[in-house]
Structures are given as C-alpha cells and as structure tokens.
C-alpha cells in the first residue's frame, strides 16, 4: 500500500524524522511517503497555528489521489475531520491513534505534551473521543516543539521527569507522548519507566495499514459526506472539489 | 464600541444581511461593521468548507486592531478558538451565543440547521460546550445555505415544519436557528410556534456588547495564550504574529 | 428597560451594594431597582438558607408585573427555575451568568466562593448547567457572606490567595467570584492576577439587558409553563397564581 | 423506630393515602406518622409549587426532634438537600428511593409521572443522581396529581398505557411511578405488565428503615453541615436554627 | 425471609466473619445463611481472581431455590449481572449497596479499598453505576484482603490514615469501606473520623430485606431475562439452566 | 507472529469460521490459531453464559505462553480485563476492536447484534469504552447466535433490515456487526448499504498485529498487574498463577 504521512508543519527535518519513525514500524508492503506543506507555520503550538497548517495539508492530500491511506502527523489531529470529508480512503490522526492504543493496553493513561498552550486543545480532543474517564491528565513538559530536534536540549530529561510524575501522581498505567517530534523516544522511555510509552506516529501507521488491509474506507454518509460543489474564491480557489469527486 | 462581525464565507449579500440583522439589535453606541474574507468558500456546509474560511477570517481580524470585539457569523463557530488566541478582545461565535441564550430561557432546546452534513459538526459543538443534556436534537431541514437567500425557495416552510417536529417529537421548549442566513426569520417563527426561536447573530451581538460593557477580555493564560512567534511560510507568511502582540 | 434585581437575603446593606454594582455596568436606558424580601435569612450559606429566601423573593417578583427582566442576586441561583415558571420575562441567576461568561473567555475556570458548606450546591449547579468539564474546581475561602461587608476583615486577601491557588493548582484560566458580596472586587483582582475575574451581578445585568434587547422571553412550553391554578393554604395563600396569569 | 413521612402538599386525603401505603410495607417495629404542612399548595406540579411546600415541610420536621428518620413523599424530592442540612437522622426522598431500587432490579427503567410540566424537574433529578444512562425516559400520562384521588377518573388506564409504551418504545425493564399518589397501583400494574413497577413511598420507607437499622446518620461534614446560626426575619423567623442544634 | 450471603472467595473464616456482620444488622425475621464456594481463589484481588469465583458462587445460588434474596459479599460485585440473570429474587452486591447508601447520606464519598490492583475495577463500577460525580476518589490502603483477618497487622491504622486523607484531600463527606473483610471496623472508624463510614455487607443485607419486604423481584425483561437453554459442556455442564427455570 | 484467537464458546464449527475469517485478513507473517475451550456454553447470549466461558478461555491462554497476542472472539469482550491481567502480550476483544475502528471511519455508528438479552451488556461496554456519544443505538435482530451458522435461516435478511433501520432512524454512518458469527457478512452488507459495515474478528486481528508490530505490551502497572499468588481451590486449582509469572 501507499501510505502518505502529512506533517502539517513546514519543518522539513521534522518531516524526515517522522518518515523514519514511520518506516521503522511499517509492514513490508507499505511504502511510506512523508510530506509537508510549503505554506504554514514551522511548528504547531496551540489553536492559532493549527489553522494555517490545514489548507496546505489538504492540498498535499488532494495532490495524492493514489494514496491508500493518510496519516496526519500532528498530535492535535489537525484538520482530521476536514481530511476525512475530502478523501474516501482512511485518515488517521496520530493523537487519536496513540490514545486508542493506550486504552487497549491500560485502564488509564496520561499524555505528556510540549507546551501548556496546547493542553486545552488536547483535553478537548480527549473529551471529543470519549476518553475523559480513561485519561488521567494532559501534562506539559514545557519544551517547545522544535527544541525536540535539538540534541543539546534537556527535552528528554524533562519528558522523563513528567512521566515519573504521571506514574506517581496520576496513577497512569500508560503514557501517550503528545508530539510527533517525540517519536524516537518511546522505546527507551518505556524501558526506563516500566510501562507502555506510546508514540502516535507508529500507532497511526499501524491503524492505517489495518484499515487498508481490511478494505475499510471512510464513511461517506453523514458528517464526512463529500463537500457540496461550490465557488471557492481567492487563494483557495484551488480547494474547490469537483462533482466527480 | 466598534463591533466587527466576520461572516467567514465569501458571499457578500449574506454579509449584508448579517450586518442588517446585527444593526437591528445593536445598542445605540455600537458601530457594527460586517465583513467577509476575499478568499474561501461561498458557503460553509460541513467540516471541509470550514477550513478554508478561517485564514481569511483571521486576516480580517488582524486588520482590525481597533475592534472592541468580534463576532464570528457562522453557526459552526468556525475558527473560534484560534480567533480567541489571536486577539485580546472578546470573540463570540453565533452558534455558542444562541445555545447559551437558549439555556437561559428553556430547560431543553433543539437546533434546526440547513443540511445533514453539518449535523455532526454541530453535535460536536453541543458536546464541547456541555449542552448535550439540554439539546434534545440537532435537526436538518435540508435547505442549502445560499438557498436561504432565495425568496422563491421553500426554505421558510421547511424550517417551520422542522420546528413543529422538534416541538412535538423532541419536547423542545426553545428552538435555535442553526445558520446565520436564518437571522431574519426568528421573530415570525417564534410567534407562529409559541416558543422562543433564537437567532445566533443577534445573540452574539448582545453577548459581545455585554462583555465589552463589563471590560472583560479573553484570557491570555492557558489555551488562548498568544501564539509563540515563529516562521510562517508561503501563502501564510503574513499570518505570523509579532512578539509585541 | 426596568430591571429588578432581587437579593434573596434580607440584608439591606448588601442589597444596596448589589444595586450599586449593577448600576455601574447598566446601559443608559436601564433603570435598576434592587430589592430584597422582608422575610428570610440574613445571608444564604448552603441548602437550608436557600429555602427560606425563595418565597419572599418570588413575592417581590409577583409585586412587579412591570419589570422587563429579573436578576436573582445570590450565587446559588436560588429559586431560579421557580422564578422562570412564575414570570414571562427573562430571569437570570448571577451564578449561571458568571459561569456562562467565563466559558466565553477561557477554556477552564475555577469558582472562589465563601464557605465550604456552599461548595456542593455550587458543584451541583456546575453539573446541572453542563460545565463540569470546564470548571476546574469550586473553592471556598472560608469567609462568611456578611464578613465581606466588613472592611476590617481579611476577606480580600483570603480571596486573592485562593485565586492564586486556582491559577497554579487548577490551571484555571479565569476566575468566577462565587458570591454577590464580592462584586466590587472583580476588577482589582483581575488586574492583580492577570486573568479574567468575573462577577455574577454585573454579568447578569448584561445578560438580562441582552435578552430584553432581543425581545426574548422565557419559554412557556414544558418545564417553565405557568403553574396550574390551585389552592394555596396558610401563609402562602397569596402565592396562588390566577388563571389569567 | 419512629418514621415521619411528610407529604409536602396540603391535601390531607393524600397524606392519609400515603400513610396507609407506608404502613402496608413497614416493619413490625416501625411507627409511621404521616403529616403535611398547614401552608402551601394542594398539589405539587412543577418548579413553582415546590417552593411553597418546603418551609412548611421543614417546620414539620423541626417539630419532630424525636423522629428517627424522615421520608419526603413527593416524587420531586422537594427540599431534600435542605432537609438533610436540618436534621442528623436519615432523610429519604421517594423519587430517589424508587430510582435507586429500580437500578437494583433492572438495567434500564422509565419513569411515568403525572404532567409534562414536571418532566424537566424529574429529568434534572435523574441527571443529579447519576442515572441518566439508566433512565430511558421520563414520561407524563397527563393526569393531574389530585385526579389520582378520583376513582372515577381514567388515571389508571392512562398510566397503564404509558407503561406499555415505555416497555415497547424505551425498552424499559422496570417502571418507576412518578407520583406519591400512585402508590396503591404498583402491585397490580406490575402483574399486568410483567415487570417491576416501583412505588417511591414504599421504597423510601424501606430505605429509611435500613439506614436507621444500620445506625447511619446524615453526614454533617460538607454540604449537609448544620446551617450557621443567623438572623431569620419576618414569616421565617422561626426557621432560624440554634447553635446547639 | 431466607437471605443467602455468598462470599465468592473460598476463605471460610472470612465467610464466618461476613455472616456475623450480617446477623448483627438483620431484622428479626431474617435468617442469614453465609456460604462460599468450594472452588476458586482464597481472596479476590483484581480482575483475574474474580473470574474463578463466579461459577462456584452461581452454583451455590442454583443450589438454593428457597432463598428469598441473595447478597454477593465481595466489594467488586463479582458476577452480579450473571446472578441477576439466574434467579428471580433480588440480588445485591455489597459494593453497589454501600455506594447507594453513601449517596443517601452525603453529597460526596470516597472509597477505601485494599490494594491498588483493585482500584480500576472499582472505578469502573463507580462509572457503571453513575456515581462518578459523587465519588471523589477510590483509594487503596495497600493491605491484602486476608491480612484484614490478622489481628496483628496494621490494617486498621492504615485504613484510618487513608480515611483521614480522604476527608482532608478529597473533601469526602462519607467513606465507603471497599472490602467485605472491613465490615467490623465501620462503627469505630465512623466515630473516630466524625462522618459516616459505610460497610457494604450490612448495607446489602438491609437492601435485600427491603426489596423482599416490598415483594419486588429482579426484572426478567431485557438484560436479566433467563438464559436461553443450551448445551453446557465439560466442567460446566451442570451450569445449564432448564427451560422451566 | 503467533496470534491465538479464542472463541470463548464451545461450538467448534464457529471456531472454524472465526479462524477462516481471521486468516482471510491476516498479514503474511501472522500464524492464526483458532481455539475454543472444552468446557462452557455452546453460545454466549447475555450475562449468564459469559461467566462459564471465561475460565476455559483463560486456560487456553495459559496453555499458550508462546502466543504473541490474543484475540477474544466474542462481541461481549468476555473476560477481557482478566485476560489482560494474566498475560503480558496484547489482548484484544472483537467488540472493542470493531467499535474503535468505527470511530476512525465515521462520526456515529450503530451496533446490530443477535438477541435483545445481549443489548444491555453491549450498551454497558459502549459506556465503559467512552463511546456513548458516538454509538447511536445497539440493535438486536433477534437471531440466536447459532442460527447464524444455519444457511437456511433468514439471519442475513434480518440483519440487513436492521442495518437499513439504523441508517434511516439512528442516522448511523457506520454499522458494527455485534457477533463473531457475522464475520463473513460484512463486505456484502457494506456494499449493499453504502456505508462501512465492520466485523470485529477482522478488526481485532489487525489491532493485535499492530500492537505486536509496535512491540507494545499490556501494562503491568495498576489494574492489569499480575494476580498476586494465592491458593486456588477445587476445580480451579490449576488457575493459580505462580510467582514467576
């Protein structure tokens, strides 16, 4: 299968890291393509940045009619519902992917994300997905997204310290890493803390492979029905969908 | 006060109608400015259209640092959280406005919106706002948004029929009209059906005036903290916020 | 418009303070009348006191058929549903008013009220209104209601300390002041702590003005239908409503 | 034990019926005293009537310091929290009693009450008690409370028809009768429809006997702590509680 | 009445203690029979042990067609739904019994159980019963079940310390003891901490007596309908129910 | 990987069908082993039957220390929590698997299961997993489990009719088939009704492969910690787990 992973931010090195993390877990027959839009923010930290990443992300998706499934590689699950309205193939967000996996392995999990400004958006997703009684707490380690790419930063130790607090104070039985940029840390942190530490990129690759393997597609009845054809103006004229779609 | 109402779609006639509806209820000292973005969809019907309306909507907001408050005039409350992250003044969505007003007048309400494709997005908002036990049902009358502007359509009779069903079948005590384009129908439908029929545009104008009158501003602690300065690329380079903001 | 604010307790000095707080935010055309019943408790602290404040409060309302809207100036929203059953005009409780406003300004708020005995009643209201996922915690500063009227008390410093704890420990983004007697403290505490501090009296005045300005009235279908005429005996014979009402 | 049942309305014949229903199920050692206040409404139908029944009801309770437990015999559980604040012994509402019993016998129940005006108050109680996922629906048979006392009315057939609808349409496994005046119908309707039909008066008698038998008392920590002594004015001066209480 | 209490574990001394606790509160006409299965675990600590206690427990129930009601004396309410499917008489779990009683005495309670491994199963029950907003926290005192039988252990002091924390930190107004083996401690701990401390065994005896006294039986419509006759193989061939049952 | 699928009932032909359904979707490297216990009921229809299937199911699991993951092939997710307590590898229930998949493809789903007696157990699982706001309704087509194996039955047409009702009346966007015995019908019903029809066996195989592929294991902190070693008596003596496990 052809699996396109869209990093919604414009930081190419992060896209590369995400692609590597995806390839590391992909099944033999899965061709991973990791892309990012040309336009938008260099990182997504809170509600404002999300907005400007989605049109470019959807453009990348429209440009890939041959993709068998898509993964949205931002823990906010940026633009997930719109993406599902656009295409017929499965679309998986890394945030939901990690949380679903967590509920299959533990009765209660905590999320460790980057900055406090992102916590309400993630709490909102927890509520939306129905996991409010399974998610003990969404925690921020106060490391900016792009600092995760900096090997000289104290990102890893801050994340590890927050996991320790989640285990002790939240009685978390599993940890969900709340940023695509943390993908490479999951295995070591899991060994260190003695509980599942779950990365969304890897989780989403597996869920996308699963749905494709089952021949399942996004429902086109109801909320994800194709957008009605209409005039799109200005910079977004190209976003109009044709009646054939 | 200067109150800017942003219709997130690009249909100027609808913006005009919304502006008139707003002026009809505005307090003497309120100057209503109704605007819409140049780029984006002609109407917003479901998750996909929402995405392309928000960047232009936020651009209109950034261009109006003198506004004392903003209203987002789409019943989906399109981009509401991002807008609150951008500005310090109050921002009100017409969907939330109408629902809050409904809970002050009745123990249970139903929403009557345009198309079935929008129902899940609105149900999601109901859940997000906490009104799931107060909202009996979100109903679609299957009238496209722009058809509301066509006096020859059967839009009014379809909406009225749906209200009758909500009163009888949902035991709704109040009705929330689920589209900015229905603003002019509220009073007549309320008289016809003998219960409050609530328009979001008018409701949002009043809530915006209220918050401004109280000197209240959007919280800048937590989820609506100002976006961290960062590189914005391509079409959205202009969306970057400066450190002074 | 004529806006009657009923302080359900019998402390006239508190009624005066509430009236002043209301007039300070009222629109030019709003005539504020602040009243309290002759009979009932001097302050309302918990479930028991509420009961004895409501009959007198409703009597004040019945005596004012000319009022365009009512505000119930106790943070417990004492007798709110009964008041809405009695009159056709809008009725707003200061507790609900402040909480609704908080959700328009922040993703999460905490309440700071007077005594621990009132906390369960307020938590119950939070649950009833649907804000359980938006209200981080209801906190008591352990200052009795009437002590708020005593300039020599340490009330202000206790409230401020509790706000600091709510900001740090609850990650509250806004604070709701949980007593009518705290109305005059909101602005200064907001400046001190750098987040919205919301007073219910001012909030309720604005919501009442808003609903009146929109021509909205309480629904008379369902739970707020007029009471059926029936015999009322003894001290409450005067509470019977006539068939014309 | 001495068990005082307070019918909060002033209809003596109904108090008599309630007393008989209670005595029919009481344990040998239980002395049932059924009383009603002198002042208040002849029946309780909706939020307004509730208010005027509670002060008299609490006066009856204050006058009986020798009671070992109290039952509030109105399905709205009128004044239940205030009553618990007043006394140290257990207080049981017939609405909560019947619903608790229902959840011990079936996975899902429906309530059949008198008038539609009472439905929102009962739905609110269902939500407050935590049974929203266990209560399929609150139904009204549109029989006024006092009509239940009229043997010539069609009350029984209307209630039976509503039970049939609850069984077929709500998939209810048990029925809760939503009015004290229906107490005498439970056994026959249960036999007729082949599922548990639960009366609140009988249920509450048993729960009160249970708590007394266990030596359990109402918690005086938190929400039901004794009211702080304070001035009560006018008609309610006698409602003030002393410091010794 | 004949009330059979099944201790689902195989520890006879604990069955004896439970029987004594039950007899201490039983009504004069109640004959208490305390039994336990021959096969299964010596104590139930978490999800795994539960499984192996239920077949034996149900065998004890099938062998007692003369019982008027059953109590399941494990705080996990082990096999409760299956037991209700098997018999027509009432079946009460001690966990649900204690929690129902707690909500009749206090606005908020905490549970103090034995080991952390049991906490998720109990939190699940809290969620299932609808008490998530009434249960402040489920706490473990880290005393194994059978250690409660050892007079030389520090079990009592650990439980007492946990109650103190629940009162201070959770603002619990009542305490539910989360193990049948704690039945004898309730009265002394209640006196010590000044709030209701509720034992499930005693609570369940009273609820069983209540339902029997009311002539109420388990609903046989829906989820507790009798099992359809079918082949049961191997060790469980005896578990097949006949069509007459 | 070695994936063991345990059909918890004793019907070997059904085990064979399940194994075939699993092999049809398994990845190249997955060896599917489908087993069932020797003892227990021939089909699982409601709470009672569940109990007697679990000990045998767990025995099958204990006997396969080499398995890399387990699937429990009954839609009730029979014994799922106990199974997770027993082993370190992932365990997936087919009910949860299908529901998780449904939420990745649609905003709302309905379940179509066999008999009404199973509906409450499934509704309970929906509530436990957090999908109450995503699951429109659990429907029964009133076809007994083993009748699904009978080609002459009208099972398929009854299921199809129920799907049509779910689409029209529940506004379901996807259908979850509520029995392992329906696995072979999913594709045809999906084509017939034009929306995703999801089978739990196939879904669970893919989730088990996913977790194994990611190297994830069941958390051993908290609720799924290994059972404490203890005496197991009688028929279940062999169920005792050793300290090394």
* Qualifying positions in the range F:38-55 - farther than 22 Å from residue F:113 by Cβ and either in the same structural domain as residue F:123 (by TED's automatic domain parsing) or surrounded by fewer than 24 Cβ atoms within 10 Å (Cβ to Cβ) (or both) -> F:38, F:39
* **Single unsatisfied condition, residue E:104 versus (1) away from chain F (no Cβ under 14 Å); (2) on the phi > 0 side of the Ramachandran plot** => (2)
* Asked: So, of the residues in the range B:168-185 that are part of a helix (DSSP H, G or I) and modelled with pLDDT of 95 or more, which turns out to be farthest from residue C:215 (Cα to Cα)?
  -> B:169
* **Filter result for the condition that a residue is farther than 26 Å from residue B:241 by Cβ, outside the structural domain of residue B:131 (by TED's automatic domain parsing) and in contact with a strand residue (DSSP E or B) (Cβ under 9 Å, 6 or more places away or on another chain), over B:26, B:102, B:67, B:83** => B:26
* To do: Report yes if some residue within the range B:38-61 is more than 7 Å from chain A (Cβ to nearest Cβ), more than 19 Å from residue B:12 (Cα to Cα) and at pLDDT 95 or above; otherwise report no.
  => no
* Structure fact -> The residue that is surrounded by the fewest Cβ atoms within 10 Å (Cβ to Cβ), considering only those in the range C:19-37 that are within 8 Å of another protein chain (Cβ to nearest Cβ) and either within 17 Å of the chain's Cα centre (by Cα) or within 19 Å of residue C:97 (Cα to Cα) (or both), is C:27
* Hits in the range A:87-116 (condition: surrounded by 24 or more Cβ atoms within 10 Å (Cβ to Cβ) and over 29 Å from residue F:212 (Cβ atoms)) -> A:114
* Looking at the range D:203-245, which of its residues are more than 7 Å from chain C (Cβ to nearest Cβ), without any contact (Cβ under 8 Å) to a residue 12 or more places away in the chain and in a loop (DSSP other than H, G, I, E, B)? -> D:214, D:215, D:219, D:221, D:240, D:244
* To do: For the range D:114-136, enumerate the residues that are part of a helix (DSSP H, G or I) and either over 22 Å from residue D:48 (Cβ atoms) or outside the structural domain of residue D:166 (by TED's automatic domain parsing) (or both).
  => D:129
* Asked: Which residue out of A:164, A:152, A:132, A:116 is over 17 Å from the mean Cα position of the chain (by Cα) and closer than 28 Å to residue F:132 by Cβ?
  -> A:132
* Structure fact -> Counting only residues in the range C:125-164 that are over 21 Å from residue C:201 (Cβ atoms) and more than 14 Å from chain B (Cβ to nearest Cβ), the one surrounded by the fewest Cβ atoms within 10 Å (Cβ to Cβ) is identified as C:152
* Within the bounds of the range E:148-163, is there any residue that is modelled with pLDDT under 95, assigned to a loop (DSSP other than H, G, I, E, B) and in contact with a helix residue (DSSP H, G or I) (Cβ under 8 Å, 6 or more places away or on another chain)? -> yes
* To do: Confirm whether residue D:68 is within 23 Å of residue D:225 (Cα to Cα) and either within 14 Å of the chain's Cα centre (by Cα) or buried (at least 23 other Cβ atoms within 10 Å of the Cβ) (or both).
  => no
* Structure fact -> Per the filter on the range C:167-181, residues touching a strand residue (DSSP E or B) at 6+ places or on another chain (Cβ under 8 Å) and buried (at least 24 other Cβ atoms within 10 Å of the Cβ) are C:172, C:173, C:174, C:175, C:176, C:177, C:178, C:179
* Asked: In the set F:204, F:208, F:235, which member is within 25 Å of residue F:39 (Cα to Cα) and either surrounded by 24 or more Cβ atoms within 10 Å (Cβ to Cβ) or not assigned by TED's automatic domain parsing to the domain that holds residue F:73 (or both)?
  -> F:204
* Hey, could you check the range F:186-201 for residues that are surrounded by 24 or more Cβ atoms within 10 Å (Cβ to Cβ) and part of a helix (DSSP H, G or I) and say which is nearest to the other protein chains (Cβ to nearest Cβ)? => F:186
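The values are calculated or read from the model by the stated rules, or taken from the named source; none is laboratory data. Keep in mind that what you see is a predicted model, and the values were worked out from it rather than measured. Virtual Cβ from ideal backbone geometry, glycine too; neighbours counted across all protein chains shown.
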